[in-house]
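Q: The structure's right below; bear with me while I get my questions together.
The values are calculated or read from the model by the stated rules, or taken from the named source; none is laboratory data. Owing to the predicted nature of the structure, the values given are computational and were not obtained by experimental measurement. Positions of Cβ are backbone-derived with ideal geometry, glycine not excepted, and every protein chain shown enters the neighbour counts. Areas reflect the complete protein model, heavy atoms only, side chains present, ligands, DNA and RNA absent. Shrake-Rupley method; radii C 1.70, N 1.55, O 1.52, S 1.80 Å.
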Amino acid sequence: MNLPKDLRYSKEHEWVKDEDGKVRIGITEFAQDELGDIVFVELPEVGDELELDEPFGSVESVKTVSELYAPVSGKVVEVNEELEDSPELVNESPYEGAWMVVVELDDSSQLEELMDADAYQKMTEEEE
Amino acid sequence: MSELKQTPLYPVYKEYGGKTIDFGGWALPVQFAGIKEEHHTTREKAGLFDVSHMGEIAVKGENSEDFLQKMVTNNVSKIKNGQAQYTFMCNEQGGVIDDFLIYKLDENDYLLVVNAANTEKDFNWLKQHQINGVEVDNVSHEYAQLALQGPKAEQILQKLTETNLKEIKFFRFDDSVEFHGIDGKTIVSRTGYTGEDGFEIYLPTTSVIDLWKAILEAGQEEGIQPVGLGARDTLRFEAGLALYGQDLSEEISPIEAGLGFAVKTDKETDFIGKEALTEQKNKGASRKLVGFEMLDKGIPRHGYDVLKNEETIGHVTSGTQSPTLGKNLGTALIPSEFAHEGEEIDIQVRKKTLKAKIIPTPFYKRK
């Protein structure tokens, strides 16, 4: 499984990339593989507030809807509009093309609460 | 997953990339290569499905025709040996206990192919009403079942048998088809649950792995793929084929579901539910199942509320993004007064109320 070492991971299968006080968020390869063909992505708007562990959007595959749970708290400053017309990017490029939002962190120490690649991998192995 | 039931094909799913889920107590593959890809392959080429979980109930004996006439809504006396018929078994209120195919194997010898999750319920219901001169047996464990569906289905299957498959017409079957290198005789019917041409094959559980492999190999040049439950659902949905537990249930009648063609209220036998269904047919049902297309962005799903003027008027029975049409489509059970083509309704998609419009069904018809 592809798990970039420079990312942090949440128990709800999101990845978080540290970009100097802001973070970029998406879902992991494991998550997209579990969901199957993604056909719809619903995201918040620029200016919305994310609250840790609260739903901030959803990803729909052919079969099911999955909520996206905020891995951090903060204000949305960028949204990947491309996912509206090309939800399949989540399957094709979960770590690059299919980033979902960029959030300005309320508190940068939140990142320490997230898992590193090894810990996340261990968690997914236990889930399977 | 140890407590889940498995079909005889369970050991080979992994080999083909199958991802299994719990489907009504069965460990079945939801997908192999991917739902959308499998869907398109079935529409354009051919797909092979393991449907061995389906239940089979044998009804035999000198009074079996009279018995079935009383139990089901369609007219069983109209089918000849070698013919299959789609029918409902209803309760007194006209609600559907199950929808299934009846195969007439011979005089006084019928095979009912029922929804897996309903097998026990159907069997008990039949036993409860059993009359003299009829035997009812649950023979599900004796049969495995494959479905080969798609425009290339006949071409592929013909490579494996001397039986001229062209002679098996729609809703007909041959119960002595032999396949090269496969032990025993099989039942092959030209039926299916995808809206495409194709076959369903009933065979002994011990032979099904061999036939599965042989069909996939024979269909390689045509581009065959194994198909899971995910695409089976999107295929049947587009083709307007009802799914028990969503579009049909003990609380939904076949008349409401728009399937009155299989309810023969003019047959002489007083079948169970006849009175209620006759009244619905004559007066018109108060609710109807309609198809709709989302106008706003969002995907309708089973169980979502349907609203009109901010009031809940019904619910979505099935919904998905149609892989063939690329549209977000659904079916809903709503009061008949709103059930006209072009009528706008609202669908409650989680926190959002989204616009939709009623359109004709089936959404897809093969050319």
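Q: Of all residues in segment B:3-34, which are closer than 21 Å to B:Ala117 by Cα, among the hydrophobic types (A, V, I, L, M, F, W, C) and more than 14 Å from chain A (Cβ to nearest Cβ)?
A: B:Leu4, B:Leu9, B:Trp26, B:Ala27 - these are the residues of segment B:3-34 that are closer than 21 Å to B:Ala117 by Cα, among the hydrophobic types (A, V, I, L, M, F, W, C) and more than 14 Å from chain A (Cβ to nearest Cβ).
Q: Before we move on, is A:Glu84 part of a helix (DSSP H, G or I) and either modelled with pLDDT of 95 or more or open to solvent by 80 Å² or more (accessible area, probe 1.4 Å) (or both)?
A: yes
Q: Here are B:Gly240, B:Gly228: which of them is open to solvent by 20 Å² or more (accessible area, probe 1.4 Å), touching a Phe, Trp or Tyr at 6+ places or on another chain (Cβ under 9 Å) and modelled with pLDDT of 95 or more? I'd like the intermediate steps shown before the answer.
A: Working: B:Gly228 fails: open to solvent by 20 Å² or more (accessible area, probe 1.4 Å).
Step by step, each of B:Gly240, B:Gly228 is checked, and only B:Gly240 is open to solvent by 20 Å² or more (accessible area, probe 1.4 Å), touching a Phe, Trp or Tyr at 6+ places or on another chain (Cβ under 9 Å) and modelled with pLDDT of 95 or more.
Q: While we're looking at this one, here's another question. Go through (1) in a helix (DSSP H, G or I); (2) more than 14 Å from every other protein chain (Cβ to nearest Cβ); (3) in contact (Cβ under 8 Å) with a residue 24 or more places away in the chain; (4) not polar (S, T, N, Q) for B:Glu37 and report which single condition fails.
A: All conditions pass for B:Glu37, except number (2).
Q: Moving on to the next point. Could you list, in sequence order, the residues of segment A:82-119 that are in contact with a helix residue (DSSP H, G or I) (Cβ under 8 Å, 6 or more places away or on another chain) and not β-branched (Val, Ile, Thr)?
A: A:Glu82, A:Leu83, A:Leu89, A:Asn91, A:Pro94, A:Tyr95, A:Gly97, A:Ala98, A:Met100, A:Leu105, A:Met115, listed by residue number.
Q: Can you name the residue in segment B:285-315 that is more than 21 Å from B:Gly245 (Cβ to Cβ) and aliphatic (A, V, I, L, M) and is also nearest to the other protein chains (Cβ to nearest Cβ) among such residues?
A: So the residue we want is B:Met294.
Q: Now for a different question. Can you tell me which of B:Lys327, B:Lys288, B:Lys351, B:Lys355 is at pLDDT below 95, open to solvent by 40 Å² or more (accessible area, probe 1.4 Å) and of a type outside the set (Ser, Thr, Tyr)?
A: Just a single option satisfies the conditions, and that option is B:Lys351.
Q: Are there any pairs with C-beta distances below 7 angstrom linking a residue in segment B:1-27 that is touching a residue at least 40 places away in the same chain (Cβ under 8 Å) and surrounded by fewer than 13 Cβ atoms within 10 Å (Cβ to Cβ) to a residue that is of a type outside the set (Phe, Trp, Tyr) and not in a loop (DSSP other than H, G, I, E, B), with the two at least 6 apart or on different chains, and if so which?
A: Filtered contacts from segment B:1-27: B:Gly25/B:Lys5.
Q: Another question, if that's okay. Could you give me the residue pairs with C-beta distances under 6 Å whose first residue belongs to segment A:43-68 and is within 9 Å of chain B (Cβ to nearest Cβ), whose second residue is crowded, with 18+ Cβ neighbours inside 10 Å and assigned to a loop (DSSP other than H, G, I, E, B) wherever it lies, and which are 6+ apart or on separate chains?
A: So the pair list comes out as A:Glu60/B:Ile299; A:Ser61/A:Gly36; A:Ser61/A:Asp37; A:Val62/A:Asp37.
Q: Within segment A:11-42, which residues are crowded, with 18+ Cβ neighbours inside 10 Å, more than 11 Å from chain B (Cβ to nearest Cβ) and over 29 Å from B:Gly18 (Cβ atoms)?
A: A:Val16, A:Val23, A:Arg24, A:Ile25 - these are the residues of segment A:11-42 that are crowded, with 18+ Cβ neighbours inside 10 Å, more than 11 Å from chain B (Cβ to nearest Cβ) and over 29 Å from B:Gly18 (Cβ atoms).
Q: Please tell me if B:Ile57 is part of a strand (DSSP E or B), closer than 30 Å to B:Ala214 by Cα, away from every other protein chain (no Cβ under 14 Å) and of a type outside the set (Phe, Trp, Tyr).
A: Yes.
Q: Being open to solvent by 50 Å² or more (accessible area, probe 1.4 Å) and more than 19 Å from B:Ala153 (Cβ to Cβ) is the filter here, so list the residues in segment B:177-188 that pass it.
A: From segment B:177-188, those open to solvent by 50 Å² or more (accessible area, probe 1.4 Å) are B:178, B:180-181, B:183, B:185; that's our starting set.
Passing the criteria: B:Gly181, B:Asp183, B:Lys185.
Q: Next question. State which residue is surrounded by the most Cβ atoms within 10 Å (Cβ to Cβ) when the search covers only segment B:291-324 and only residues that are within 25 Å of B:Thr41 (Cα to Cα) and among the small types (Gly, Ala, Ser).
A: B:Gly319
Q: Let me ask you something else. Among the numbered conditions (1) more than 18 Å from the chain's Cα centre (by Cα); (2) at pLDDT 95 or above, tell me where B:Val188 comes up short.
A: (1)
Q: Could you list, in sequence order, all residues of segment A:43-59 that are more than 20 Å from B:Thr320 (Cα to Cα), of a type in the set (Val, Ile, Thr) and buried (at least 20 other Cβ atoms within 10 Å of the Cβ)?
A: Those that are more than 20 Å from B:Thr320 (Cα to Cα), of a type in the set (Val, Ile, Thr) and buried (at least 20 other Cβ atoms within 10 Å of the Cβ): none in segment A:43-59.
Q: Quick one: which residue in B:Lys297, B:Lys308, B:Lys283 is free of Cβ contacts under 8 Å to residues at least 24 places away in the same chain and over 26 Å from B:Trp125 (Cβ atoms)?
A: Sole residue among the options that is free of Cβ contacts under 8 Å to residues at least 24 places away in the same chain and over 26 Å from B:Trp125 (Cβ atoms): B:Lys283.
Q: I'm trying to understand the selection: among the residues of segment B:316-364, which are in a strand (DSSP E or B), under 21 Å from the mean Cα position of the chain (by Cα) and away from chain A (no Cβ under 14 Å)?
A: Passing the criteria: B:Thr317, B:Thr331, B:Ala332, B:Leu333.
Q: Out of the residues in segment B:147-172 that are of a type outside the set (A, V, I, L, M, F, W, C) and in contact with a Leu (Cβ under 6 Å, 6 or more places away or on another chain), which is surrounded by the fewest Cβ atoms within 10 Å (Cβ to Cβ)?
A: B:Gln158
Q: Against the condition over 18 Å from A:Glu113 (Cβ atoms), open to solvent by 50 Å² or more (accessible area, probe 1.4 Å) and not in a loop (DSSP other than H, G, I, E, B), how does A:Glu78 come out, does it pass?
A: yes
Q: Among the residues of segment A:15-32, count how many are under 14 Å from the mean Cα position of the chain (by Cα) and among the acidic types (Asp, Glu).
A: Selection size over segment A:15-32: 2.
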